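Visitor: Here it is: the structure, laid out below.
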Amino acid sequence: MTEIDPRQRRNRLMLLGLFALFFVPIALAMLLNAAGVRPAPDRARGELLQPPADLRTLVPTLADGRAYRWNPAQRTWRIVALAPADCGAPCARAAQGLDVAWELFGKDARRVDVLWMCASTTCTPPPATARITTLRTLRDTPALRALAPTGTPAAGVPVLVIDPNGFVVLRYAAGFDPAHLRTDLARLLKTR
């Protein structure tokens, strides 16, 4: 019997190591799949409306009296903040969260209109929304306000997400986490 050269032994071990590095993860994945272990699917953090609320026939009015049309050809998504009258600190927190979420959309931010709907005619969006270039102020629209999540505290700002065609697809209760809104809408912006 001939003795194996140490370099040959090292080369064989390296070949076996590369083989294991490639095939062991595949075998492990197949074993986990056969056992029924699967990662949880990505889910929306907001409340997904099934079926989505159809607002295509609704034409909200901007604070200056002009109509705000859905215009599906522009592929614009909408975040509607349903601010109550004299909201104060909760409105300021919600506005800051919306500003951060909108900024984090990056190049897609121009495809997202932020609509601040006031419950009173003297209401204006908080200063934290000043950097949102797509911000529009809406007059109170009962049909939109009726879509707020049930159990919404009076001193909070619930939010709706409306697709380019005018369907409400997601809603968030007052006190929502802006990171969840950003994550959900970023995923929707990629798909359409």
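The values are calculated or read from the model by the stated rules, or taken from the named source; none is laboratory data. Just so it is clear, the model here is predicted, and its values are computed rather than measured. All Cβ positions, glycine included, derive from the backbone under ideal geometry; neighbour counts span all protein chains shown.
Visitor: Residue check: is residue 129 touching a residue at least 24 places away in the same chain (Cβ under 8 Å) and of a type in the set (S, T, N, Q)?
Guide: Working: touching a residue at least 24 places away in the same chain (Cβ under 8 Å): yes; of a type in the set (S, T, N, Q): yes.
Taking the combined requirement at face value, the residue satisfies it.
Visitor: Cβ contacts < 9 Å: first residue without any contact (Cβ under 8 Å) to a residue 60 or more places away in the chain and over 14 Å from residue 162 (Cα atoms), restricted to the range 132-147; second residue surrounded by fewer than 16 Cβ atoms within 10 Å (Cβ to Cβ) and not hydrophobic (A, V, I, L, M, F, W, C), any location; separation 6+ or different chain. Result?
Guide: Taking only residues 6 or more apart or on different chains, the pairs are 132/103; 133/110; 134/110; 140/120; 140/121.
Visitor: Which one is farthest from residue 187 (Cα to Cα), of the residues in the range 43-56 that are exposed (fewer than 13 other Cβ atoms within 10 Å of the Cβ) and touching a residue at least 24 places away in the same chain (Cβ under 8 Å)?
Guide: Initial filter on the range 43-56 (exposed (fewer than 13 other Cβ atoms within 10 Å of the Cβ)): 43, 50-51, 54, 56.
Within this subset, residues satisfying the condition of being touching a residue at least 24 places away in the same chain (Cβ under 8 Å) are 54, 56.
On the way: 54: 21, 56: 23 Å.
Among those that are exposed (fewer than 13 other Cβ atoms within 10 Å of the Cβ) and touching a residue at least 24 places away in the same chain (Cβ under 8 Å), it is 56.
Visitor: Moving on to the next point. Would you say residue 106 is assigned by TED's automatic domain parsing to the domain that holds residue 186 and on the phi > 0 side of the Ramachandran plot? If you could, list the steps in order and put the result at the bottom.
Guide: Values: assigned by TED's automatic domain parsing to the domain that holds residue 186: yes; on the phi > 0 side of the Ramachandran plot: yes.
Spelling it out, residue 106 is indeed assigned by TED's automatic domain parsing to the domain that holds residue 186 and on the phi > 0 side of the Ramachandran plot.
Visitor: Shifting gears a bit: Hey, does the range 25-37 have a residue that's of a type in the set (S, T, N, Q), closer than 29 Å to residue 174 by Cβ and out of contact with any Ser or Thr (no Cβ under 7 Å at 6 or more places or on another chain)? If you could, list the steps in order and put the result at the bottom.
Guide: Taking the range 25-37 as the starting set, the residues that turn out to be of a type in the set (S, T, N, Q) are 33.
Still in the running and closer than 29 Å to residue 174 by Cβ: none.
Scanning the range 25-37 turns up no residue that is of a type in the set (S, T, N, Q), closer than 29 Å to residue 174 by Cβ and out of contact with any Ser or Thr (no Cβ under 7 Å at 6 or more places or on another chain).
Visitor: Of everything in the range 62-98, what is touching a strand residue (DSSP E or B) at 6+ places or on another chain (Cβ under 6 Å) and not aliphatic (A, V, I, L, M)? Give them in sequence order.
Guide: Within the range 62-98, 68, 76, 77, 78, 91 meet the criteria.
Visitor: Which of (1) farther than 30 Å from residue 150 by Cα; (2) acidic (Asp, Glu); (3) surrounded by 12 or more Cβ atoms within 10 Å (Cβ to Cβ) does residue 3 not meet, given it meets every other one?
Guide: Condition not satisfied by residue 3: (3).
Visitor: Which pairs turn up if I take residues in the range 170-192 that are assigned by TED's automatic domain parsing to the domain that holds residue 90 and farther than 14 Å from residue 109 by Cα and look for partners that are part of a helix (DSSP H, G or I) and of a type outside the set (Asp, Glu) with beta carbon separation below 7 Å, at least 6 apart in sequence or on another chain?
Guide: From residues that are assigned by TED's automatic domain parsing to the domain that holds residue 90 and farther than 14 Å from residue 109 by Cα, the pairs are 172/181; 174/90; 178/97; 178/98; 178/100; 178/101.
Conditions tested, residue by residue: (1) basic (Lys, Arg); (2) in the same structural domain as residue 109 (by TED's automatic domain parsing).
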| position | (1), (2) |
| --- | --- |
| 5 | no, no |
| 9 | yes, no |
| 12 | yes, no |
| 22 | no, no |
| 53 | no, yes |
| 57 | no, yes |
| 70 | no, yes |
| 75 | yes, yes |
| 83 | no, yes |
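Visitor: Moving on. Answer with yes or no whether residue 108 is modelled with pLDDT of 85 or more, under 25 Å from residue 148 (Cα atoms) and of a type in the set (D, E, K, R). First the steps, then the outcome.
Guide: Values: modelled with pLDDT of 85 or more: yes; under 25 Å from residue 148 (Cα atoms): no; of a type in the set (D, E, K, R): yes.
Against the criterion (modelled with pLDDT of 85 or more, under 25 Å from residue 148 (Cα atoms) and of a type in the set (D, E, K, R)), residue 108 does not qualify.
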